[in-house]
Every structure is written in C-alpha cells, then in structure tokens.
Amino acid sequence: MIDNKNGDIRQFLFEEPGERTKRTIRIATAVSLVLLAAVLGAVIWQFYRTGQLDAKYWRIFIRWTTWRFLARGLAGTLEAAAMAGVMAFAAGFCLMYGRISRFRWLRALCTALIEFTRGVPTLLFIYFFFLVAPQLGIKLAAFWKISIPVAISACGVVAEVLRSGVNAVPRGQREAAMAIGMRDSHAFFKVIFPQAFRYVVPALISELVIVVKDTTFAYVVNFPDLMQNARVLISNYDALLSTYLVVAVIYILINYLLNKASDAAARRMRNTGTAAAPEMQTGAGEGAGV
Amino acid sequence: MSIQALLTQFGDKYVQALFTTWKLTATSFALAFVLGIVITVMRVSPVRPLRLLAEFYIQIFRNIPGASLLILLVYALPYLDMIFSYYTCVLMACTLIPAAFCSEYLLAGMNTIAPGQIEAARSLGLTFLQIIWRVVLPQALRSSVLPLTSLLVSTMLTTALASQVPLNPQDLTGLVSYINTHAVGGVTAFFISAALYCATAVVIGQIGSWIDRKVRILR
C-alpha cells in the first residue's frame, strides 16, 4: 500500500521538533494515553460487570477437544477457500483471455460477465445456490454450495487483476515474440502471461483474503467451517461471546498473515527487479477488499 | 414464476428493498468516510499512541470477515449490556470495515504528494493540522477518487449482510431469500435483485470516473 516514488509521507510531514513542539507532543501523548487507558478500562469493566470474564465462559478454551473441533472447522474453511480460489483463478483467467480477445462479441460478453460478478454481493450468489438452484433440479453438496458462489464472486476481480498484469507487460515483449515467429497464442502463453502473472502475485494473494472472508457465510448452507463449528460449540457450552471473539481473532490472524504474505511478495518483486514493473494500473483489485 | 407475476406480487417490496440497500450504502459510506479521515489523520500524527491505535484499528477491521463482525455486534454485545437495533448493527458493520479500507486509500493518496509541498507549507508557517487540512488531505482526496468509488461499490456489496438479520423493510438480498422461502420465486427473483445491484454499481462507477476526470491531479 505504502509504496510510492516519494516514499512514505510520514517521513516528511514533520521535521525534528523544537522545544515547544516537543512539549506539545509530550502533552498530547500523555492525554491520549490516559484516554486510551480509560477506554480500555471501561471495556474490561463492562466485561467484568456483566460476568463475561467468569472462568466458565473461558474454561472450554483450555480443553484440547475444543481446539480440535475448531481446527476441524478451520480445515473446512481452508478447504472451501482453497477450492474457491482455484476455481476463481481458472474462471478469472478465461474471462480475462476473453476480454482481450480479437472477437468483439467475446470481449463484450466477458466484460459483461466480469462487471456482473463484481456488482453482485457474494451472499446473493450463495442464496442462488442455496435456494434457487435446487428449484432448477441442481443438487449440490454443501461444500460446493459455498465454494462455487465464493469463486463466482471472486473471478471477476481475478480477471481484472490478471488483465492489469497483462497490460503492464511492455509492448516490446510481444513484438519480440512475433519477430521470432511465434503465433499470437503462443506468444501470450510463453512470453506475456508468465511475466504478467509474476506482476500480480501480490494482488492475487490479497484476493485470497476476500475469499477466506466470504467463506464465513458457509453457515448459510450448513457447511461445517470455522464459523459453523463455533455455533455448534456455543449451543453446547453457552459461551457465546468468548467463542465468537476467539473465532474472530482466528479469522483476523489468518487474513493478517495473508496480507503480510502479499506485502512480502510485492517487496520481493521490487527487490529482485522482476519489476522494472511498469506502473501497474491501480484500483483493479482494490476496493473489493471489504 | 414469470417476471410479471413476480412484480405484481412483490413489486413494491423490491422498491422498498432497493431503497433500503441505497440508504444503508449511503449512510454507512458517509460515516466510513468521516471515520476513515479521522483514522488517517491519527496514523500520520506525531502522537505515538494515536498512531498505534489507528494501525491496530486498521489491522482488525481490514481482516475481520463481515459476518463475524455482524454476529459479534448482534449476538455478543447484548451480553455486555449493549443492545442495538438490528439496523444499527448492520450499519455499524458496514461502517467500521470500509473505514479501514478508506484510510488505506487515503494514505496511498497522501503518498503521491511530493515532499517539497510539505516543506513549502511548513516554510509558510503552517501548523501540522493546517498542513494536513489545507495541503495534504485535499490532494489525497483528489487522487483517491477511483479507489473510493470502488469502495462505495464494495460498501454496497457489504450491506448484503442486512439479509442475515430480520429487517423491515428488507434489503435486496434479504428479499430474494424471503421470496424464495414464501413462494417459488426462482431464478427471476434472483436476477431482479442482481440487476438492481449491478445497475447501481455501474451508475456509481460512471459518476466516480466523471468526478475523477474533473478533479484528478495531472503530474
């Protein structure tokens, strides 16, 4: 996020502070610390006052079986996310290839499909596969009822990310491939796409975050993912707040690590000079992150 | 079910649902935008605890799934004696998460500003907040119109969370599930909602790129 030819703005916003500014900053720091402590204290007090700090709500988390059950749910989440990711990549690639094709009707069709998948909420696709598809006689296992809609809602973004990578490959590459006698498709698969793919690895990893987030709707279709298993735990142990908090933290950690991996990939790309990467068009994959 | 039959039976519900989705989207985006600016200013401020708090906020709300957050707000907060209406809970979820992304885009926008401008502003005697308010933020906003436009679209997609709680009137996604559990709405019910979402997204995108053309800073 914070990579720019000027560097991080925060380095330039203020210079070495003078005596008076130092004092102002110290006072502001102290005041904000006090306020933060007060808010934190209020939160803890609220937990304590309502009895949510009682050992009975947290005891289940020192049991091994609890974690094993949650881990099984997590495995479900990761399986669904991985399958959705693979399908989204395959579909996204096809949509991208169609969108840059020579045929105008194919371009129009793929553009429309991409815009459609990007403009419709994942939940609506899930309801389609959960409620509407059975009416059409399509019977699917819960695993597919969650992974297919998640893949559909991700594939449009994947297509746009891949396309921005293809556009970032210098024109000369294709011309050189033509000059040594490659056919169009040959040049694309052997020369252009391998480079484009490397440009967009970070963006593709970030897209995985969205895929993982979307799989939390698995409870709608009764697929045993992390969230669904948490609900089972809650109905057995009456520890709602603690369980949902723990699960939220697990999700946050997974996505945090994915984001870190994406940053690391971006940094590696810059350092190894894979990218004398021409300015990538931003905004293709961004904004879909919510 | 044919499209006519569906619209005679559920037409006004679709209108209400569309307005619910629009209202949720507009309100939560406006709130997220303000919150995003506040967080961004905290992130670049010279006060360390504020910076850390803001970074913490970003990491939490960038990474939490919407469903997880909504469930916490709806079902867990009452255990802490904090009870909000379903609508407020959805609104909070659709504000807290986009605010984190808004701040990310604004910070990226700030990074396009040349350091010389800050130095120039400082040599004019502007204070930190004046530099932020008069020099940095306006330019950051102008260069992040496109990401903010797609943020508005994804805020709209996030409001589909409203279908997970009982709301009256329902949103576009909730209505599809309602129709399909009360009648055999089938594919048509789905496609009407999908088309309304898409049309909204397309209009937002058009307006966004029009604004971007007007205000973009050519460097």
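The values are calculated or read from the model by the stated rules, or taken from the named source; none is laboratory data. Note that this is a predicted model, so its numbers are computed, not measured. Ideal geometry is used to build each Cβ from the backbone, glycine not excepted, and the neighbour counts take in all protein chains shown.
Taking the criterion of being crowded, with 16+ Cβ neighbours inside 10 Å and more than 7 Å from chain B (Cβ to nearest Cβ), the residues of the range A:130-142 that qualify are A:130, A:133, A:142. Of everything in the range A:212-254, what is surrounded by fewer than 19 Cβ atoms within 10 Å (Cβ to Cβ), part of a helix (DSSP H, G or I) and among the polar types (S, T, N, Q)? Give them in sequence order. Answer for the range A:212-254, where residues must be surrounded by fewer than 19 Cβ atoms within 10 Å (Cβ to Cβ), part of a helix (DSSP H, G or I) and among the polar types (S, T, N, Q): A:235, A:236.
Given the criteria more than 25 Å from the chain's Cα centre (by Cα) and assigned to a loop (DSSP other than H, G, I, E, B), does residue A:172 qualify? Taking the combined requirement at face value, the residue does not satisfy it.
Picking from residues in the range A:87-129 that are in a helix (DSSP H, G or I) and polar (S, T, N, Q), the one that is farthest from the other protein chains (Cβ to nearest Cβ) is A:111. Going by the structure shown, is residue B:18 in contact (Cβ under 8 Å) with a residue 40 or more places away in the chain, touching a Cys at 6+ places or on another chain (Cβ under 8 Å) and not acidic (Asp, Glu)? So residue B:18 fails the test. Against the test of being aliphatic (A, V, I, L, M), farther than 28 Å from residue A:234 by Cβ and in contact with a Gly (Cβ under 9 Å, 6 or more places away or on another chain), the options B:52, B:106 yield a single qualifying residue, B:106.
Here is a yes/no grid of residues against (1) within 22 Å of residue B:72 (Cα to Cα); (2) within 7 Å of chain A (Cβ to nearest Cβ); (3) aromatic (Phe, Trp, Tyr):
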position	(1), (2), (3)
B:93	yes, no, no
B:134	no, no, no
B:145	no, no, no
B:187	no, yes, no
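Taking the range A:211-241 only, how many residues are in contact (Cβ under 8 Å) with a residue 24 or more places away in the chain, at the interface with another protein chain (Cβ under 9 Å from one of its Cβ atoms) and out of contact with any Ser or Thr (no Cβ under 8 Å at 6 or more places or on another chain)? Residues flagged as in contact (Cβ under 8 Å) with a residue 24 or more places away in the chain, at the interface with another protein chain (Cβ under 9 Å from one of its Cβ atoms) and out of contact with any Ser or Thr (no Cβ under 8 Å at 6 or more places or on another chain) within the range A:211-241 amount to 3.
When residue A:13 is tested against (1) buried (at least 19 other Cβ atoms within 10 Å of the Cβ); (2) assigned to a helix (DSSP H, G or I); (3) at the interface with another protein chain (Cβ under 10 Å from one of its Cβ atoms); (4) of a type outside the set (Lys, Arg), only condition (2) is not met.
Of all the criteria given as (1) surrounded by 19 or more Cβ atoms within 10 Å (Cβ to Cβ); (2) more than 25 Å from the chain's Cα centre (by Cα); (3) without any contact (Cβ under 8 Å) to a residue 12 or more places away in the chain, the one not satisfied by residue B:194 is (2).
Filter the range B:76-123 down to residues that are touching a helix residue (DSSP H, G or I) at 6+ places or on another chain (Cβ under 6 Å) and aromatic (Phe, Trp, Tyr) and give me whichever is farthest from residue A:216 (Cα to Cα). Filtering first and then ranking leaves B:105.
Evaluated against (1) closer than 29 Å to residue B:164 by Cα; (2) hydroxyl-bearing (Ser, Thr, Tyr); (3) within 14 Å of chain A (Cβ to nearest Cβ), residue B:27 falls short on exactly one condition, (3).
Yes/no matrix, rows are residues, columns are (1) within 9 Å of chain A (Cβ to nearest Cβ); (2) within 28 Å of residue A:258 (Cβ to Cβ); (3) in contact with a strand residue (DSSP E or B) (Cβ under 8 Å, 6 or more places away or on another chain); (4) at pLDDT 90 or above:
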| residue | (1), (2), (3), (4) |
| --- | --- |
| B:48 | yes, yes, no, no |
| B:55 | no, yes, no, yes |
| B:58 | no, yes, no, yes |
| B:63 | yes, yes, no, yes |
| B:73 | no, yes, no, yes |
| B:79 | yes, no, no, no |
| B:84 | no, no, no, yes |
| B:106 | no, yes, no, yes |
| B:118 | yes, no, no, no |
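Please determine, by comparing only the residues of the range A:192-208 that are crowded, with 21+ Cβ neighbours inside 10 Å and either touching a Gly at 6+ places or on another chain (Cβ under 7 Å) or on the phi > 0 side of the Ramachandran plot (or both), which one is farthest from the other protein chains (Cβ to nearest Cβ). Ranking the candidates gives A:196 first.
With the structure loaded, tell me whether residue B:52 is part of a helix (DSSP H, G or I), surrounded by fewer than 19 Cβ atoms within 10 Å (Cβ to Cβ) and among the hydrophobic types (A, V, I, L, M, F, W, C) or whether it fails that test. Yes. The helices (runs of 4 or more DSSP H) falling completely within the range B:90-179 that include 2 or more residues that are buried (at least 24 other Cβ atoms within 10 Å of the Cβ) map to B:145-158. Entry remark, the range B:55-98: residues being over 19 Å from residue A:213 (Cβ atoms) and small (Gly, Ala, Ser) number 1 in total.
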